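The values are calculated or read from the model by the stated rules, or taken from the named source; none is laboratory data. Small disclaimer: the values here were computed from a predicted structure and weren't measured. Backbone-built Cβ (ideal geometry, glycine too); neighbour counts: all protein chains shown.
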Amino acid sequence: MSEQSHDPSGGPDAKRDKSKSEELSKLILGSMKSFTGEETVNWLKNVSENVPKGSGLASGKKMHLSQMSCIEALFEHFQRYALQFNRQHPRNPELQVQILKSQMGTHGDVLYRVMSTSEWGLALVAEPGKIVAVIMRAEFIPDFYARRANFAPFMEMQEATELGQTVWYVEGDPVSEDLLPVIAKKLFARLIRVVRGEASELEPFFLQLKDLSAQERASSYVEQAMSVHSQTVVAVCLEFLKLLDEELETLSAVGVKAIQNGQLDLAPQILKMTDNLKKMREGIAHAIREWHAPKLEDGKQHAEHAGESGASAESQQSTGAQHPSGTV
């Protein structure tokens, strides 16, 4: 009986996986050079988002990682920081950081990954064309992905393709191999600062590689803060609308049951409750549209500057406030 030939490498798919793994390992090991040892240990003793800008500017070489590899690379840094940080704070259980496993999609892609303490969690979420960072209360972690629209991101990494390769940008600046650990440190520090009550989970994220004037920094902070809080208000209102819709369905079912049971005396009360809920829903939907009104007006002006017809802009406003979760 002839022996079957066997490729010890596992075939072309295994070779590609091995190549990606080696690429990721090389990147992580390379970026660890300036962030291991005394510098990182001292930084972890008093965690801060004031990471030296020069640390991420040593190399201008752009980072070419897939979305999945980028998330995993950041979590490799989080894992190292958490290990040392937990050793330094053994008597503070509320500060102990855990790194949770990646949550995978049906095709083996990473949906999101979380690092958490007993009270707060920070998730990196893979979305079309970007990676977003979200901080949430720990109790929301189990069903986070189902409620993702309710949590406003405080940081985004934008994906682009240049010369056929994937590149990443934060605040308009390209992410180099040396910049990734700077971003990782700032994200890790943000979680710890929120746990300590030194920052809000909605506080805007600043990479600040460029030297900005005090006025420019203040202006940028206000713009980002307004954007983040606006998204949060809308998300909360939409969640409440969803609950009201569920209550309306329940009341409708109760009304049908009452009629079937001959309890016609309850019909007026049920109708009144239903009417009040509908008025409440209409009021909240109107408030959301008013909340969006300034943004819609800005969008109209931008469209006019771009040469689009005024009719198109008016048509967009007449459709009502638009939100990723649907029309209000």
Quiz item: List the pairs whose first member sits in region 165-183 and is closer than 7 Å to residue 63 by Cβ and of a type in the set (A, V, I, L, M), whose second member is assigned to a helix (DSSP H, G or I) and at pLDDT 90 or above, and whose Cβ atoms are under 9 Å apart, counting only residues at least 6 apart or on separate chains?
Solution: 175/70; 175/183; 180/70; 180/73; 180/74; 180/77
Quiz item: Can you spot a residue in region 27-49 that is aromatic (Phe, Trp, Tyr), modelled with pLDDT of 90 or more and under 18 Å from residue 179 (Cβ atoms)?
Solution: no
Quiz item: In region 83-99, what residues are of a type outside the set (Asp, Glu) and either assigned to a helix (DSSP H, G or I) or modelled with pLDDT under 90 (or both)?
Solution: 83, 84, 85, 86, 87, 88, 89, 90, 91, 92, 93, 95
Exercise. Considering (1) modelled with pLDDT under 90; (2) closer than 21 Å to residue 124 by Cα, say which one residue 79 fails and leave the rest.
Key: (1)
Quiz item: When residues of region 244-266 are filtered for being under 20 Å from residue 280 (Cα atoms) and not polar (S, T, N, Q), how many remain?
Solution: 10
Quiz item: Can you name every residue in region 126-178 that is crowded, with 19+ Cβ neighbours inside 10 Å, of a type in the set (Phe, Trp, Tyr) and within 14 Å of the chain's Cα centre (by Cα)?
Solution: 144, 151, 154
Quiz item: Of all residues in region 179-190, which are farther than 10 Å from residue 81 by Cβ and within 16 Å of the chain's Cα centre (by Cα)?
Solution: 183, 186, 190
